[in-house]
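Notes to accompany the following structure.
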Amino acid sequence: MAVQLNASLFNKRLGSVINAWNNASASNEYSSIADVDAIFLPAGDPAGEDEPIRKGTAFQTWLLGYEFPSTFMLFQKDRLQILCSASKAKILSQIKSSSSPVTIEILIQAKAKDPPTDAVPKFLEAYGTRKRVGTLTKESHSGKLVDEWNKALSSLESKPAVIDIAHAVSAFMAVKDEEELKYMRTAANLTSTLLAHHVILKLEAILDREAKISHEEFASQIERRLGSGEGDNAKGPDMKVWSKGRGLTDVDWMSTEFCYTPIIQSQSTNTSYDLSPAAESSSDDIAHKGVFLVALGMRYKAYCANLGRSLIVDPSKEQESIYALLLSLQTEMLAYLKDGVSARDAYQHALAFVKEKKPDLEKHFVKNIGHGMGMEFRDSSYLLSPKNGKTLRSNMVFNLVLGFTDLEDGGKKYALQLVDTIQISNDKATCLTAGIKTIKDTMFFLNQENGDSKQAPAKKAPNTKANGNASPVKNKMAGGKVLRNKTRSAAQEELVQSTVAKITEHQRELHTRLQSGGLAKYSEGGGGGGRNEGKGWKRFQSYKGEVALPKEAEGLRIYVDRKAQTIVLPIHGFAVPFHINTIKNVSKNDEGEFTYLRVNFQTPGQLAGKKEDTPFEDPDATFIRSITYRSPDGHRFDAVSKQITDLKKEVNKREQQKKEMADVIEQDVLVEIKGRRPTKLPEVFVRPALDGKRLPGEVEIHQNGLRYQSPMGSQKIDILFSNVKHLFFQPCDHELLVIIHIHLKAPIIIGKKKAHDVQFYREASDVQFDETGNRKRKYRYGDEDELELEQQERKRRQMLNKEFRLFSEKIAEAATASTGDTLEPDVPFRELSFEGVPFRTNVRLQPTTECLVHLSDPPFLVVTLADIEIASLERVQFGLKQFDMVLIFKDFTKTPLHINSIPSSQLDDVKNWLDSVDIPLSEGPVNLNWGPIMKTINEDPYEFFQQGGWSFLGGSPGGEESDADVGSDTESEFEAEVDVTESSESSESAFSDDGSDASDDEGSGSDFGSDDSDGVIRIGDDWDELERKAAKADKKRVEVGKGHESDDSDRPKAKSKPKPKPKPKTNGKNTKRR
């Protein structure tokens, strides 16, 4: 059969209809069918292409999967009767099965030339015996079958009462299943892609060139992105546009169409601004300033998505503030719209928000804020209006329409809109359509100084928040008239409120939120972890009884039992076993003719290395601190001492390995794809590398994970999607490698080592051989060969980027389908990168949407921004060329991450980035000892936050803290260390650069740059001048006998400590200026 019906889906949806009918009552959304005996849904001839889809047709398509014209359906609680032609009956016979919730009876109408059958009389009899029949009374149909039905119905003596059931039919289709949501997401992606990658770019070009084009022609150009023409002149979809969208690689373009002709409006539209979807693009030329309204709606496999945007050229302050109100209103409504909220309450909430923020805009607010959406573009039964009491349910889809009409600016009327397709869930609503909605993306500014002004628009950091919908980056050409940022007005505004002031204000809010959140998390009833947690008492047992003692113990000699990890010691004629964990160490010394062996035990009050005291089950019990044996046999004690020491080392090593492997997980089995070949990425290398020769392998995408297959055959790496925490794609622009990097939730074993990260890469450049005797060189002159090689290199890099990007997106799609959790490939922002030393070498660190990463070479660094509690910037002082950054994690048991030696020139960039991702930060002039600090916090986090929390770091940068607080308690912790390590400043000045690097590597120390003898900081001295000053300082030190100091009496002076000789590098800390 050409048409295949989905019988299981039909049975499922028919069952939901019957079940809703049986449970209908006057108080729910199915009240209109609560007391009907049957539901009658006729369908006549197909409607015209320009007519909107009817509710009855939408319901028929929803139920059967296809539209069946000239087909009548009569639903009864125990059966479904269908009246249709013979050809349709043949197709509909597929849904007749034993698993159907009710009996299905298909009545076949006779053909025109055949004698009439009893199909219509039988259908009429079933209809006439009912008292109350529900139908769509507002729909009218035409056609041969409809005429025949009307004629037969008129002859019926007693007709049933007809009830309108439009609301109930809408309720049947309102809650979408996963298949419907998939189609609606695709429709939304198509709409968003068209807006971001064609409409906006085309409109910018029109404004930039001041091109003359009508609204109608612009709308037609947009429509042609889906194809145009017929026959030999037919053109398919414009894949230059659609290929830029995410998840649009396998779209069925035959099932894709526009819901309506795109609507373009500007201030030159003769019909004025109209926010309804019934508006049309006029034949007037597009204006080149003012407000532009764009509305796009697309349908995929009969399911609709819609969005609308407002774009403003040279906006006034009032227009900017109104549009900002629309943005904040949408954010508010997305949080408010959830399961259980009524349509009436949703509208009232939006209206109350507008009244509170701008009361004078209440009269301009739209009369409803949206409507239900699905197969019907506009389902009026679920109108978000002040009179509709319908309740919103999870997985319903709405078109959220926010806007103001009849606004006035400079004597001209205008309107603003913000329209998105949203999905309702249990806790909030989410946007299915995205992009081009921030003020930065929607506000255009004309550059009046086109020829003179060379100032490029200021770059803004991309939106790196997790829930942000980033729009594509737009690079304006030089001399363009349309700018994304202001010129004069922006400069004036920055004078009023500088970037530093904005960061300070935002950081104050973040620190307040951090403090209150910490108190709530670790309070008595807050359920916060980490309080009163420490090492637990670890039980161990040498033997289960005396019988298990080894035979060697009978000799009452010291015996080391490696198998039981026990030392058997003779004490007063008894063999007493001690587990190796009870022993701290052994020592041996010779005195005269005897050798003494001392065994020291673990007891309370002793420090186990640099860690906390070893826990004991009963610390108040009586403990043996040590036991000593004497023997004339020195060789015997040498062997015993070595055996005990080796066993202790072996146990400690085993415990350390066990501790390291504690978080390693055993992955489930990879489920391979069957029935087709898996998607592969060939010729890639893997890190960490497998054993053996370095050869490229291939990565395969399977049902629940990835598999890297080595060419050796036996070696492979399986990564399950359930264990993937982050997925990164790093292009080979400015890099030697193109990379797909996977950061795991829990480490896995690769080879014999555990790995938190797995990376697949390919080298971007190939080795080129230049044979000077080839034919090309014979006829070419100049740089032609080099230019050709550069072009080939550029093309190869572009192909590599495209190949790896598409494969990363396929990984993300497969992972999302497998786990249900959204996974998107994250791309590092190179323009936000900065240099630093997270481990031992200086590397380039690049922020992404959710992380801070270094992926170019191992050891890799992946820090999830959501896990960071606060960032501490250290050694931030005038004159220093570098500073350090310490990232403290929300899990206080994790060691803070130190990133050292960040150039001071990038301090503002780092602060701006940290502030943009809502990470609290602080600044300090010295390095802190974070070991004891974190130990104190972990002992009682609640007490830590009660005492002020992170306020000891100095709070937000650039705030009220100044040099007046140098005598604070915070600095007093380091006062002694500073005084002791004070050294000659003038002698150190010649090596300030090297010294700062060295101190950075050690993660301690502070450097104040080069100070002259008069206490004034000199910048820019040449080497000869620096060497002269160093020699002068050395001579003065020899004469005076102590380090060079300023004559200022308030400079702190070192006490009776001899000064070390100046060295090219120093790790010490200088005295802070008072």
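Data for the structure
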| quantity | calculated |
| --- | --- |
| Net length gained if the chain between Gln94 and Glu786 were fully extended (0.36 nm per residue, minus Cα distance) | 242.5 nm |
| Gain upon complete extension [Ser243, Asp668; 0.36 nm per residue less C-alpha separation] | 149.5 nm |
| Cα-projected label distance for Lys122 with Gln515, points at 7 Å along beta-carbon direction, nm | 8.2 |
| Cubic angstrom per residue, convex hull over Cα atoms of the stretch 830-951 | 109 |
| Whole-Å semi-axes of the stretch 661-754's equivalent ellipsoid (Cα gyration tensor) | 20, 18, 16 |
| Using θ = phi - 60° and Karplus 6.51 cos²θ - 1.76 cosθ + 1.60, couplings along the stretch 161-175 (whole Hz; Gly, Pro as x) | 6, 9, 10, 7, 10, 4, 5, 5, 4, 4, 5, 4, 9, 5, 7 |
| Förster radius 41 Å - calculated FRET efficiency between Ala689 and Lys563, Cβ distance, rounded to 0.05 | 0.65 |
| Estimated distance in nm for a label pair at Ala501 and Lys77, the labels positioned 7 Å out from Cα along Cα-to-Cβ | 7.2 |
| Links that overshoot a 22 Å alpha carbon limit, given the list Lys289/Lys358; Lys658/Lys894; Lys390/Lys437; Lys138/Lys390; Lys317/Lys440; Lys88/Lys113 | Lys289/Lys358; Lys390/Lys437 |
| Karplus 3J(HN,Hα) series, Hz, for the stretch 88-103 with 6.51 cos²θ - 1.76 cosθ + 1.60 (x for Gly, Pro) | 5, 4, 4, 6, 6, 5, 5, 8, 7, 8, 5, 8, 5, x, 9, 6 |
| Separation of the Arg794 and Leu556 label points, Cα + 7 Å toward Cβ, nm | 9.3 |
| For the stretch 178-444: span of alpha carbons on each principal axis (Å, largest first) | 56, 49, 28 |
| Using alpha carbons only: equivalent-ellipsoid semi-axes of the stretch 7-173, gyration tensor based, whole Å | 23, 19, 17 |
| Rounded FRET efficiency, nearest 0.05, which uses the C-beta distance separating Ser328 from Arg805 and R0 of 25 Å | 0.15 |
| Where Phe258, Phe540 fall by accessible area, highest first, once all protein chains stay in place (1.4 Å) | Phe540, Phe258 |
| Distant-in-sequence amide H partners of Lys890 (H built 1.01 Å from N, under 5 Å) | Ile868, Glu869 |
| Gyration tensor verdict on the stretch 809-895 (Cα atoms; rounded if a/c is under 1.5, prolate if a/b is larger than b/c, oblate otherwise) | prolate |
| Gained length - Gln541 relative to Asp918, 0.36 nm times residue gap less alpha-carbon distance | 130.6 nm |
| FRET efficiency, Ser272 to Ala352 (Cβ-Cβ, R0 41 Å, nearest 0.05) | 0.90 |
| Amide H partners (placed H, <5 Å) of Ser342, local residues excluded | Leu392 |
| Solvent-accessible surface (1.4 angstrom probe) belonging to Trp253, in square angstrom, nearest 10 | 60 |
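The values are calculated or read from the model by the stated rules, or taken from the named source; none is laboratory data. These numbers were taken from a predicted model, which means no experiment stands behind them. A quick note on method: Cβ atoms are made from the backbone with ideal geometry, for glycine too, and the neighbour counts reach across all protein chains shown. Heavy atoms of the whole protein, side chains included, go into the accessibility calculation; ligands, DNA and RNA do not. Shrake-Rupley method; radii C 1.70, N 1.55, O 1.52, S 1.80 Å.
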